[in-house]
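Shown next, in structure tokens, is the structure this report addresses.
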Amino acid sequence: MRSGSLFIASVACALALAVAGCASSPPPRAPSAHGIRAAQTETFEERLLAAHNAERDRKHLPRLTWSDRLEQDARSWAEHLAHEDRMYHSDKKIRPGEGENLWSATASFYTPGQMVGAFLAERRYFKPGVFPNVSSTGKWMDVGHYSQVIWPTTTQVGCALAHNRARDYLVCRYSPPGNYFGHQVG
């Protein structure tokens, strides 16, 4: 992994986050069908959940459970993004009580762990505190994906992946949502 490329992608994402809510990804490994190798027994959903819970375990937070309802909501939005071929957050009015993390990259190159890993990479800028004062950069958007993953009152997650000819779009929905101003996180 070239650290300069990752740094540039992270800076570009930080700038784009305020506009589009993206998450950067590390450079791809070998292509595979949505990152799932035939020899693995875990489902795509189980791998996404495991990646979320590994970080929550590290922070001594309760584990998340998978929500089929959140997955359905995420699938609808992921398909919308893939169809439009652009990434932006859904209006909070169409997802009441749900937080949202988005990720996008070249189709079929990334594993579920790498996808969620893009959210977790924001940990390097995270500092425990009262939201929105939780970023060493002074900009909560630089850690917004990460803080949603570790939000202490979130109990459920559901994610879905959609793609078009060139890009994968991952949408993860969270309940109860995080990133509330004035609440402690970390």
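The values are calculated or read from the model by the stated rules, or taken from the named source; none is laboratory data. Quantities reported herein were computed from a predicted structural model and do not represent experimental measurements. Cβ placement follows ideal geometry from the backbone for every residue including glycine, while neighbour counts extend to all protein chains displayed. Surface accessibility is based on the protein's heavy atoms, side chains included, excluding ligands, DNA and RNA. Shrake-Rupley method; radii C 1.70, N 1.55, O 1.52, S 1.80 Å.
Please go through segment 122-161 and pick out each residue that is under 28 Å from ALA107 (Cα atoms), open to solvent by 10 Å² or more (accessible area, probe 1.4 Å) and part of a strand (DSSP E or B).
GLN156, LEU161
Tally time: how many residues in segment 55-83 are open to solvent by 50 Å² or more (accessible area, probe 1.4 Å) and part of a helix (DSSP H, G or I)?
Number satisfying all stated conditions: 11.
Could you look through segment 84-106, keep only residues that are open to solvent by less than 20 Å² (accessible area, probe 1.4 Å) and small (Gly, Ala, Ser), and pick out the one that is nearest to TYR146 (Cα to Cα)?
That would be GLY99.
Here is a list: TYR180, TYR174. Which entry is open to solvent by less than 20 Å² (accessible area, probe 1.4 Å) and aromatic (Phe, Trp, Tyr)?
Step by step, each of TYR180, TYR174 is checked, and only TYR174 is open to solvent by less than 20 Å² (accessible area, probe 1.4 Å) and aromatic (Phe, Trp, Tyr).
Cβ contacts < 8 Å: first residue farther than 28 Å from THR153 by Cβ and touching a residue at least 12 places away in the same chain (Cβ under 8 Å), restricted to segment 80-101; second residue open to solvent by less than 80 Å² (accessible area, probe 1.4 Å) and in a loop (DSSP other than H, G, I, E, B), any location; separation 6+ or different chain. Result?
Pairs that qualify, where the first residue is farther than 28 Å from THR153 by Cβ and touching a residue at least 12 places away in the same chain (Cβ under 8 Å) and the partner is open to solvent by less than 80 Å² (accessible area, probe 1.4 Å) and in a loop (DSSP other than H, G, I, E, B), are ALA82/ASN164; HIS83/ASN164; ASP85/ASN164; ASP85/ALA166.
Could you check segment 153-177 and list, in sequence order, the residues that are more than 13 Å from the chain's Cα centre (by Cα) and of a type in the set (Gly, Ala, Ser)?
ALA162, ALA166, SER175
Could you tell me whether GLY186 is touching a residue at least 40 places away in the same chain (Cβ under 8 Å) and closer than 21 Å to ARG63 by Cα?
When the stated conditions are applied, GLY186 passes them.
Is it the case that some residue within segment 107-117 is open to solvent by 20 Å² or more (accessible area, probe 1.4 Å), touching a residue at least 60 places away in the same chain (Cβ under 8 Å), of a type in the set (Ser, Thr, Tyr) and under 26 Å from ALA166 (Cα atoms)?
yes
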